[in-house]
Amino acid sequence: MSKNLSGRSRCIIENVAPEIDGGKFPIKRTIGEKVVVEADIFADGHDVISAVVKFRNEKNPGWTDAPMKFFEDDRWRGEFAVTELGNYFYTVEAWINRFQSWRADLKKKLDADQNVFVELLVGADIMEEAAARAAGADADTLRDWAKELRGKKFAAARALDKALAGLMNRHAGRKLASVYEKELRVVVDRELARFGAWYELFPRSFGGFHGCVKQLPRLAKMGFDVLYLPPIHPIGKSFRKGKNNSVKCKPGEPGSPWAIGSGEGGHKAIHPELGTLKDFQHLIAKAREHKIEIALDIAFQCAPDHPYVREHPQWFRKRPDGTIQYAENPPKKYQDIVPFDFECDDWENLWRELKSVFEFWISHGIKIFRVDNPHTKTFGFWEWCIGELKAGNPELIFLSEAFTRPKPMYRLAKLGFTQSYNYFPWRNSKDELESYLISLTQTDVAEFFRPNLWPNTPDILTQFLQMDGPAAFSIRLALAATLGASYGIYGPAFELCENTPREQGSEEYLNSEKYEIKHWNLSAPHSLDALITRVNGIRRDNPALQSNRNLIFHHTDNPELIAYTKSTDDKSNTVLVVVNLNPHYKHSGWIDLPLDELELDRQKTFQMHDLLTDARYLWRGSHNYIELNPAFSSAHIFRLRRHVRTEHDFDYFM
């Protein structure tokens, strides 16, 4: 409900949106995006209401107004753009507009040929009050109007002048305005929080940081924005896992990078075989030259020989026999990892130390963190830690790797995680993909949850990818890169279509890179690097693909064909994607496009330019034919080009 302290503020403000959990959590935007605010606004009687969205940046105590407009059933809408990193605040204000109410009644009486002498005097009083609020030329003009209204020769119809209405709206009185009781918050991130392509590789398989530097030109050419590295810290020797997650480690086997810490150091140290801190900073600098950012994995867990275990045993949970409990996710056992006890008696020192891990890497140039399994750590820690870190570093990006139930996953996003892994890898059918992506992009979830779509990770080799070869990888690439503004791949394995599981029914890779050093032949003839490069180029060239909230699915008469568009607000860039979801067989069908929504003339042809193949097709009307053969291409990514005729009768498509 709105504030109504005096009882004389007549406007009611209800159901403000967006508002997450009663305003407890902020919504998310990136620089340049709009915040569209709606509210139910009404009052007793028939007076005219005016309303605004009030907004401000956290650095500015003063409010700016954006007008709201009535659009249906007492529902009002207004919008504002965010232009700076950090926090914005917004609320809604509404009031009875005495001038507009008077003007509406005056028009009715004039239309009915009634005497309006008294009404003109009332209007003059309203204008004089507005003049007292105005200054300079506006005040003089309003006084002149008031004087005219009191004059005997005044033509009453002149009171309906549009210029007068505009002037009065600028100086409307809000003495008895109602203000929504909450100031709602927007967290504003940089563009990379909304749009970007991620590539994951294990530095040890490329010769350490120096080898990663050599990969940068290739990754830049392929169009990747973020190079994500699994943990780069020393790896524990106690209970080290061997090849294929064997509990017996053979001499020379490197262990899992997620078993962090040894006598060589912990979370603030670098594995000596990868290089030095200076080498790592060199990688960060060289990546920046290629317009690539380095993302670092933060996994808050320890190998049994991590210095924390020896120096701070109180931070870990002990079993009755005095041993420290290792991590488990039945039936999986992680004998090489022990989890922190976030509820321990020394929790405050533990929390401060873990926050300092982020601060250490931030001080050395890292601005993006992929956080391992945050749903297994206390939610309160993340709210405090991310809030503290972003208060001084609003450019930070945190990717949540929480493959868990929807509510914990969403809670982490509300608490501060910038982006989130999600269920996309396991959504394969048309119905599954449409219902899931609609839930992420067309509901309140879109206000706080930014999905980052990954078709594979070092932990996830889905059944779809296992069974169906290179065409399956092409399908998942097209979907991830166009359904989502942010997407990523576990790079070498995806490029080379690695699809052999450890055993039947498993999503673990056979000979997983998590437990051994791999030697990838990235120049192999079956590599998908050319397709990935093409797709990333299309994403960069088409602003429509750089957002999630503009996703619209379209009807096809074949369940193996999924079709959707994304458009910029002004429709200057519209992309239609059609994907054959079957990697084995050619499929065809008819697609229905909403011509009015796409602002297409029903009588004119329009061109569909396939950006993957450069082929061009002329379509007319809403019903058009599609055919895709996975032996050649599993997807169309069309740029819609509209028919244009110049003043010299020269036709072209743009």
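Has segment 432-446 got at least one residue that is of a type in the set (Asp, Glu) and without any contact (Cβ under 8 Å) to a residue 40 or more places away in the chain?
yes
Are any residues in segment 438-457 crowded, with 17+ Cβ neighbours inside 10 Å and in a loop (DSSP other than H, G, I, E, B), and if so, which ones?
Selection gives Phe448, Phe449, Arg450, Trp454, Pro455, Asn456.
Return the only residue of Ile20, Ile27, Ile31 being open to solvent by 50 Å² or more (accessible area, probe 1.4 Å), in contact (Cβ under 8 Å) with a residue 40 or more places away in the chain and over 24 Å from His171 (Cα atoms).
Ile31
So which residues in segment 607-622 are open to solvent by less than 70 Å² (accessible area, probe 1.4 Å) and either assigned to a strand (DSSP E or B) or in contact with a Ser or Thr (Cβ under 8 Å, 6 or more places away or on another chain) (or both), if there are any at all?
Of segment 607-622, the ones open to solvent by less than 70 Å² (accessible area, probe 1.4 Å) are 607-612, 615, 619, 621-622.
Scanning segment 607-622 gives Gln607, Met608, His609, Asp610, Leu612, Trp619.
Go through segment 289-325 and report how many residues are surrounded by 13 or more Cβ atoms within 10 Å (Cβ to Cβ), in a helix (DSSP H, G or I) and among the acidic types (Asp, Glu).
Of the residues in that region, 0 qualify.
Pairs please, first residue from segment 194-217 and in a loop (DSSP other than H, G, I, E, B), second anywhere and open to solvent by less than 10 Å² (accessible area, probe 1.4 Å) and polar (S, T, N, Q), Cβ atoms under 6 Å, 6+ apart in sequence or on different chains.
Correct list of pairs: Arg194/Thr30.
Just give me the residues in segment 387-432 being open to solvent by less than 10 Å² (accessible area, probe 1.4 Å), assigned to a helix (DSSP H, G or I) and more than 28 Å from Ile475 (Cβ to Cβ), in sequence order.
Residues satisfying the conditions are Leu389, Leu412.
Would you mind finding the one in Arg174, Arg150, Arg190 that is within 50 Å of the chain's Cα centre (by Cα), among the basic types (Lys, Arg) and farther than 30 Å from Val226 by Cβ?
Arg174
Applying the selection to segment 78-100, what residues are surrounded by fewer than 17 Cβ atoms within 10 Å (Cβ to Cβ) and under 24 Å from Leu167 (Cα atoms)?
Matches in segment 78-100: Glu79 only.
Tell me, please, whether a residue that is assigned to a helix (DSSP H, G or I) and either open to solvent by less than 10 Å² (accessible area, probe 1.4 Å) or of a type in the set (Phe, Trp, Tyr) (or both) can be found in segment 170-190.
Checked against the condition, which is being assigned to a helix (DSSP H, G or I) and either open to solvent by less than 10 Å² (accessible area, probe 1.4 Å) or of a type in the set (Phe, Trp, Tyr) (or both), segment 170-190 yields no hits at all.
Just give me the residues in segment 62-76 being open to solvent by 100 Å² or more (accessible area, probe 1.4 Å) and either more than 16 Å from Ile96 (Cα to Cα) or among the hydrophobic types (A, V, I, L, M, F, W, C) (or both), in sequence order.
Within segment 62-76, Phe70, Glu72, Asp73 qualify.
Cβ-Cβ distance below 6 Å, separation of 6 or more or different chains: which pairs start in segment 243-272 with a residue that is over 20 Å from Val338 (Cβ atoms) and in contact (Cβ under 8 Å) with a residue 24 or more places away in the chain and end on one that is in a loop (DSSP other than H, G, I, E, B) and of a type outside the set (Lys, Arg)?
Cβ pairs passing all conditions: Lys243/Tyr515; Lys243/Glu516; Ile270/Ile232.
Condition check: surrounded by 24 or more Cβ atoms within 10 Å (Cβ to Cβ) and of a type in the set (S, T, N, Q). Does Ser435 satisfy that?
For Ser435, the condition - surrounded by 24 or more Cβ atoms within 10 Å (Cβ to Cβ) and of a type in the set (S, T, N, Q) - is not met.
Return the residues of segment 351-377 that are assigned to a loop (DSSP other than H, G, I, E, B) and either buried (at least 17 other Cβ atoms within 10 Å of the Cβ) or at pLDDT below 95 (or both); say none if nothing qualifies.
Result: Ile366, Lys367, Asn373, Lys377.
Scan segment 589-606 residue by residue and report those that are in contact with an Asp or Glu (Cβ under 9 Å, 6 or more places away or on another chain) and either within 15 Å of Tyr564 (Cβ to Cβ) or open to solvent by less than 10 Å² (accessible area, probe 1.4 Å) (or both).
Gly589, Ile591, Asp592, Leu595 - these are the residues of segment 589-606 that are in contact with an Asp or Glu (Cβ under 9 Å, 6 or more places away or on another chain) and either within 15 Å of Tyr564 (Cβ to Cβ) or open to solvent by less than 10 Å² (accessible area, probe 1.4 Å) (or both).
For segment 91-132, which positions are of a type in the set (D, E, K, R), free of Cβ contacts under 8 Å to residues at least 60 places away in the same chain and either within 20 Å of Ser178 (Cβ to Cβ) or assigned to a loop (DSSP other than H, G, I, E, B) (or both)? Can you show your working first?
In the first step, residues of segment 91-132 are kept if they are of a type in the set (D, E, K, R); the result is 93, 98, 103, 105, 107-109, 111, 113, 119, 125, 128-129.
Now drop any that are not free of Cβ contacts under 8 Å to residues at least 60 places away in the same chain, which leaves 105, 107-109, 111, 113, 119, 125, 128-129.
Residues satisfying the conditions are Asp113, Glu129.
Anything in segment 39-65 that is assigned to a strand (DSSP E or B) and either in contact with a Pro (Cβ under 7 Å, 6 or more places away or on another chain) or farther than 13 Å from Ala94 by Cβ (or both)? List them, or say none.
Across segment 39-65, the qualifying residues are Val52, Phe55, Arg56, Asn57, Thr64.
Of the residues in segment 104-119, how many are under 26 Å from Arg8 (Cβ atoms) and surrounded by fewer than 20 Cβ atoms within 10 Å (Cβ to Cβ)?
5
For segment 35-53, which residues satisfy the criterion of being within 29 Å of Arg450 (Cβ to Cβ) and free of Cβ contacts under 8 Å to residues at least 60 places away in the same chain?
Those that are within 29 Å of Arg450 (Cβ to Cβ) and free of Cβ contacts under 8 Å to residues at least 60 places away in the same chain: Val36, Val37, Glu38, Asp40, Val52, Val53.
Could you grab me the full set of residues in segment 277-288 that are open to solvent by 50 Å² or more (accessible area, probe 1.4 Å) and in contact (Cβ under 8 Å) with a residue 12 or more places away in the chain?
Residues satisfying the conditions are Leu277, Gln281, His282, Lys286.
So which strands (runs of 3 or more DSSP E) stay within segment 490-588 end to end and still have 2 or more residues that are open to solvent by less than 30 Å² (accessible area, probe 1.4 Å) and farther than 18 Å from Pro455 by Cβ? Steps first, please.
On the way: elements: 552-554, 561-567, 574-580.
Hits in segment 490-588: 561-567, 574-580.
Among the candidates Ala163, Ala220, Ala157, single out the residue that is under 23 Å from the mean Cα position of the chain (by Cα) and in a helix (DSSP H, G or I).
From the options Ala163, Ala220, Ala157, the qualifying one is Ala220.
The values are calculated or read from the model by the stated rules, or taken from the named source; none is laboratory data. Quick caveat, the model's predicted, so the values are computed rather than measured. Here the Cβ is made from the backbone with ideal geometry for all residues, glycine too, and neighbour counts use every protein chain on show. SASA here: full protein model, heavy atoms, side chains in, ligands and nucleic acids out. Shrake-Rupley method; radii C 1.70, N 1.55, O 1.52, S 1.80 Å.
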